[in-house]
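Only one structure is covered here, and it is reproduced in the block below.
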Amino acid sequence: MAAIDLPKSPNVFHPEKPSAVGSRNSLAQEYRDQQNETNQLLEEETNKIIHHLNSKLPKEVLERLDVMGGVKEKLYNYFNQNYQNMFNRYMVTSEDEMVKKVRNFIDKEETKVLARYTPKEVGDLLDAVGGADKFNTGEIEKSMVNMYGHLQGHIQRGVNELETHTNSILRQKTDTGAFVRGENAYSIVKCAFKDNLRKPKTVTDVKLSVNILDSELISPIFHYQVTVEYLIKDLLSKQLVDNIDRTIEKLKDDRIDAGLEEFSDSEIIFNKINQVENYTDDKPEDPKSKRYALIAKAIFERISDIRAEIDPGAFDQQNVRENIKKIVDIENIRNRGFNTAINSITSILDTSRMGYQYIENLKNAREVIIREYEDTDALNLPDERYQIKLRYFDNAQLIEDRKAYDVQIKSFETEVQHLWDILEVLYQGRKSPFKVSDYNDLAKKSRARIRKAFREKDGQPEYEAIEKAWDGISFVRPAETEVESSNRTYIYEKDKIRSRLILMRERIKNMYDYLYPIERRVMENQLAFLERKYTDFEYAINPYHLQPGVLLDVDITSIKRKKSTLDAMANVLNEFLHGVSKGFTDAAFASFSRRRSTVREDISQSFGDEGESAAPKTDTASAYLDLINSDGPESVADEAVAKPRPKAIPAPKKARPKAGAVDAKPRRGGSQKQKASSRSRGRSPVRGI
């Protein structure tokens, strides 16, 4: 039998055979009993959690906790399913894949050495030119990197699922925190759980909206219609900001070298603002303007109003503007950000076993719609499903969406008011003029007696003559400020519409009781229509709460006792946000560095030989050493009091640090130049023990 016909381990699939794909056992582990090791680990982790629960919960709660089954058994099962099945099998597979790669690599090398048609001189020449590592290890390195990268992704996904299941067991409910956790929680615009209309007891509907701002995107997104001039100016603006940041860093280093106090946060901002005029100005008509230092004014004039497409009749490959556009298109600046977001969400869905039957990528509109099932009729769909809508907004689109939202809320008010008026007319027409039917009839009947008994004596106006500020449906609305007028929440209008819908349904029931004339059926149908549409409208996002950027809109339907789609979508969202968004960063904390006033020089010590060449000492250090070593009749303390303290003199900028010194605790946020300069001022680089 030829050597090539022998079965190799990664080509065999079996759960128990050593080194087979999917096996629990590996030849690389030799005599180790992996099952006992796993059981020991699971038992230890389970006991830790049980001990933590016993120490934190009261005794009466522990006695009633999970009477249908032990918490320990549930935790052990979750650990076992997620850890053993995921980690062990993938680890064994990765080990065997690596062995296969190494074996194939060795076979390839032996074949190259033993091949008769390959002259020995060629192999020697390659060795002499670059060595064996230059020609042979590239592919195996790539394979190992890809293999461990996939392994790390599987392990991370399994850990996320384990965390979600554990939190679900402990909380016994699903809430907003199960979706987006940690540093991305701020991005949630709206998250609402509601019972399904058709199956309210067993199925829940979840609406989740996440807004990622332009400034937080790792790869910026531009609309397809944006001009080439805008793209180039955006790149120049980023270059300008980077130059200003480098200038400020140099100023900060110079201040530290001079022995001055560091800039505060406000001073850094003011210095950045003052540096803007050194790189640009407000003279777009001047060809010698600073804004044209990198790209000439003539270039901008030729590319003005060039968008993603040029009219074929005016297209010329030799023109300047066409070639500039080609350079920008090759860099793919226009489509890079949106394509990255789409690739991220689709790849995560694929690897998370969240398949989808329908996807519509509206590239030019910067919008993508993903549905698990192609059908949109809820009657034909299962109770576990999801829909994702990813869209990029700019400020102009948000303004138009806000206008449409204003019109829609006014339309709802008009329709509800019209139905209210119809119901009021029918109600007044059904009342008998000879008996009291409601509170208004009683007030009208008692009006004359109230006026005669009270109002004629005290001179107060009648109730009917007093202007009413409260309509009895919604509370009095406060006057609007500039904040409310610019960012309308419409909470007052929505509460009024909701209250009127409830009151109308109650009035229809009281008016007709068990009778169902045509008037009642028509009004109830219209009322049900308005309630259904209003629920959908209120379930949507108010565009006044959005900011320019990416909007990820997720609609999930899941069984309450199963929640498989909810748990899987939580991992998808966290991975997507981690790969697309930089997250919120507080500039004050990001640029924080330890102030000089909090650095104590008297507790700094260093270790080194006396014979080593030290850095030049300042006059302050020399004076202090002379003071200690003096043999005068006065004590050191008296001498220190008698002599005035010498002023600090900055060390020269080019002073070199002491040879062999180790910086055990550098200044927070400081650069290498700052650390070297602090050593040159006589400050010891190692803290005392």
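Some notes on this structure:
- Karplus-derived HN-Hα couplings along region 40-52 (A = 6.51, B = -1.76, C = 1.60, θ = phi - 60°), whole Hz, x at Gly and Pro: 5, 5, 5, 4, 5, 5, 5, 5, 4, 5, 4, 4, 5
- Residue order for His223, His545, fewest other beta carbons within 10 angstrom first, comes to His545, His223.
- Between region 401-421 and region 258-318, the Cα center-to-center distance that results, in Å: 46
- For Val189, distant residues with modelled amide H under 5 Å away: Ser209, Val210, Asn211
- Cleavage-rule hits (trypsin sites (Lys or Arg not before Pro)) in region 247-293: DSSP loop, at most 13 neighbouring Cβ within 10 angstrom: Lys288
- Karplus-derived HN-Hα couplings along region 569-578 (A = 6.51, B = -1.76, C = 1.60, θ = phi - 60°), whole Hz, x at Gly and Pro: 5, 4, 5, 4, 5, 5, 5, 5, 5, 5
- Expressed as a whole percent, the proportion of Cα-Cα pairs in region 328-394 lying more than 16 Å apart is 53%.
- In order along region 400-415, the phi-based Karplus estimate (6.51 cos²θ - 1.76 cosθ + 1.60, θ = phi - 60°) of 3J(HN,Hα) comes to 5, 5, 5, 5, 5, 5, 4, 5, 5, 5, 5, 5, 4, 4, 5, 5 Hz; Gly and Pro are listed as x.
- Flagged links, alpha-carbon separation over 32 Å, of Lys363/Lys494; Lys100/Lys582; Lys194/Lys468; Lys283/Lys326; Lys190/Lys325; Lys74/Lys100: Lys363/Lys494; Lys100/Lys582; Lys194/Lys468; Lys190/Lys325; Lys74/Lys100
- Cβ crowding within 10 Å ranks Asp377, Asp421 as Asp377, Asp421, fewest other Cβ atoms first.
- Convex hull volume per residue for region 238-283, taking Cα atoms only, in Å³: 68
- Val21 long-range amide H proximity, modeled H, under 5 Å: Val12, Phe13, His14
- Taking Cα centre as origin and charging only the Cβ of basic (Lys, Arg, +1) and acidic (Asp, Glu, -1) residues, the dipole magnitude of region 304-404 rounds to 380 debye.
- Those GluC sites (Glu not before Pro) in region 459-566 that DSSP places in a loop and that have at most 13 other beta carbons within 10 Å: Glu462, Glu467, Glu480
- Cβ-Cβ FRET estimate between Lys452 and Gln547, R0 fixed at 60 Å, reported to 0.05: 0.45
- Principal axis dimensions, region 240-343 - Cα atoms, whole angstrom, descending: 65, 43, 19
- Whole-angstrom Cα spans of region 369-482 along principal axes, big to small: 73, 42, 22
- Loop sites in region 454-521: chymotrypsin sites (Phe, Trp or Tyr not before Pro), DSSP, at most 13 other Cβ within 10 Å: Trp470, Phe475, Tyr514
- Solvent-free Debye scattering, log10 I(q)/I(0), computed from the Cα coordinates of region 429-487 at q = 0.17, 0.20, 0.25 Å⁻¹: -0.79, -0.92, -1.09
- If the segment from Asn274 to Leu53 were pulled out straight at 0.36 nm per residue, it would be longer than the present Cα-Cα gap by 73.8 nm.
- Counted by neighbouring Cβ atoms within 10 Å, the residues Ser289, Ser237, Ser94 run from fewest to most as Ser237, Ser289, Ser94.
Computed from the coordinates by the stated procedures, all read-outs in this text should not be read as laboratory data. Keep in mind that what you see is a predicted model, and the values were worked out from it rather than measured. Glycine also receives a Cβ, built like all others from the backbone with ideal geometry; neighbour counts cover every protein chain displayed.
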